[in-house]
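First the structure, in the form of structure tokens, and then the observations on it.
The values are calculated or read from the model by the stated rules, or taken from the named source; none is laboratory data. As the structure is a prediction and not an experimental result, all values here were calculated from the model. Cβ sites come from the backbone with ideal geometry, for glycine too, and all protein chains shown count toward neighbours.
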Amino acid sequence: MSMKATIRQVDSVTVVDVSGRITLGEGCTQLRELVRDQLSKGNKWVLLNLADVTYIDSSGIGELVSAFTGVAKQGGALKLLHLTKKVHDLLQITKLYTVFDVHDDEARAIGSFEKASSA
Amino acid sequence: MTPESSVVEVTLESDLKNVEVAEEISRRVAGTAGFNEEEQHRIEMAVHESMINAIWHGNKNDSSKSVWLRFQIHRDRLEIRIRDQGNGFDPKHIPDPLADENLLNVSGRGIFLIRSFMDEFRVEHINGKGTEVTLVKRLSSKIQPKQGGSDREHESHNSTG
């Protein structure tokens, strides 16, 4: 199953519901283009909901890092929501769990953007 | 799995679409060997990363080349060998992805993940053939292969094959 993404706008936050595989090739390319497209529209507060991500590899992790730094360079923020155990473990192993702002509750995650954007 | 099938060998066209084929084989073999679901996933990921390295870095994405895989269930471990037709690499020269200066690098985590998920990882350049990586995952004393798959059985298989 390749990657699929559905985009929702909740207040000023762009919530991206991602499902499937974020791996070298199609999945990574899709994610890269999606984030680039949102930034070009001025949507720089991005929440990636990874609840239905079935597989992520080293390239997929790299793509998350690239998205994270790319959004930050535009003065925005990219946060993660609903990590599966597999993704959680991968971020722990690679020491990236402390780099990303990770949430389990969507409303709180969106609220955290509002605090950051109004600060 | 019968004693004769304690070794699985397959040669795949060097194409990214075959990464999922290798994953599927590794998941089935790991399950047969007796690994639990979480361990199966880790073995599958190690094979996934090794396949990416073989296809992308070893064979330079040349689909006329191939990747050879061999899975062998021993009494106490699963051994996986993956060989490409490339010129090899020295894992000592790969930067530490956990170092502060590398933490936000986009690439360079594949070998690290393989090492994290497996008990042994070796790289060998075989003259005229390519580069072979060997991945080993040991079975804990509490779990045993579901059927067949011992060293002795494999020796017998080799001597008659």
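Taken over the range B:26-42, the residue count meeting the criterion of being crowded, with 21+ Cβ neighbours inside 10 Å and either touching a Ser or Thr at 6+ places or on another chain (Cβ under 6 Å) or not in a helix (DSSP H, G or I) (or both) is 1. Looking only at residues in the range B:114-132 that are under 12 Å from residue B:79 (Cβ atoms) and surrounded by fewer than 17 Cβ atoms within 10 Å (Cβ to Cβ), the one that is farthest from the other protein chains (Cβ to nearest Cβ) is B:122. Total residues in the range B:31-44 satisfying the condition of being under 9 Å from the mean Cα position of the chain (by Cα) and within 11 Å of chain A (Cβ to nearest Cβ): the figure is 1. Could you tell me whether residue B:87 is more than 24 Å from residue B:35 (Cα to Cα) and either modelled with pLDDT of 95 or more or under 13 Å from the mean Cα position of the chain (by Cα) (or both)? Spelling it out, it is not the case that residue B:87 is more than 24 Å from residue B:35 (Cα to Cα) and either modelled with pLDDT of 95 or more or under 13 Å from the mean Cα position of the chain (by Cα) (or both).
Any idea which of B:108, B:86 is part of a loop (DSSP other than H, G, I, E, B) and away from chain A (no Cβ under 13 Å)? Write out each step before concluding.
Numbers: B:108 fails: away from chain A (no Cβ under 13 Å).
The unique qualifying residue is B:86.
With respect to (1) within 14 Å of another protein chain (Cβ to nearest Cβ); (2) within 22 Å of residue A:89 (Cα to Cα); (3) among the hydrophobic types (A, V, I, L, M, F, W, C), the lone exception for residue B:135 is condition (1). Evaluate the range A:98-119: report whether one residue or more is modelled with pLDDT of 95 or more, more than 14 Å from chain B (Cβ to nearest Cβ) and under 27 Å from residue B:110 (Cβ atoms). Checked against the condition, which is being modelled with pLDDT of 95 or more, more than 14 Å from chain B (Cβ to nearest Cβ) and under 27 Å from residue B:110 (Cβ atoms), the range A:98-119 yields at least one hit. Look at the range B:68-94: where a residue is free of Cβ contacts under 8 Å to residues at least 40 places away in the same chain and a partner is of a type outside the set (Val, Ile, Thr) and part of a loop (DSSP other than H, G, I, E, B), sitting 6+ places away or on another chain with Cβ atoms under 7 Å, you get B:94/B:108. Residues in the range A:78-104 that are in contact (Cβ under 8 Å) with a residue 24 or more places away in the chain, over 14 Å from the mean Cα position of the chain (by Cα) and not in a helix (DSSP H, G or I): A:94 alone.
The single condition from (1) of a type in the set (A, V, I, L, M, F, W, C); (2) part of a loop (DSSP other than H, G, I, E, B); (3) within 22 Å of residue A:27 (Cα to Cα) that residue B:46 fails is (2). Among the residues that make up the range A:21-29, is at least one of them part of a loop (DSSP other than H, G, I, E, B), touching a helix residue (DSSP H, G or I) at 6+ places or on another chain (Cβ under 7 Å), buried (at least 21 other Cβ atoms within 10 Å of the Cβ) and within 10 Å of chain B (Cβ to nearest Cβ)? Looking through the range A:21-29, at least one residue is part of a loop (DSSP other than H, G, I, E, B), touching a helix residue (DSSP H, G or I) at 6+ places or on another chain (Cβ under 7 Å), buried (at least 21 other Cβ atoms within 10 Å of the Cβ) and within 10 Å of chain B (Cβ to nearest Cβ).
Give the residue, chosen from A:2, A:12, A:19, that is within 13 Å of the chain's Cα centre (by Cα), of a type in the set (Gly, Ala, Ser) and farther than 17 Å from residue A:69 by Cβ. If you could, list the steps in order and put the result at the bottom.
Working: A:2 fails: within 13 Å of the chain's Cα centre (by Cα); A:12 fails: within 13 Å of the chain's Cα centre (by Cα).
Matching residue, one of A:2, A:12, A:19: A:19.
The single residue among A:60, A:75 that is more than 12 Å from chain B (Cβ to nearest Cβ), small (Gly, Ala, Ser) and free of Cβ contacts under 8 Å to residues at least 40 places away in the same chain turns out to be A:75. The number of residues in the range B:111-123 being assigned to a strand (DSSP E or B) and either at pLDDT below 95 or not basic (Lys, Arg) (or both) comes to 3.
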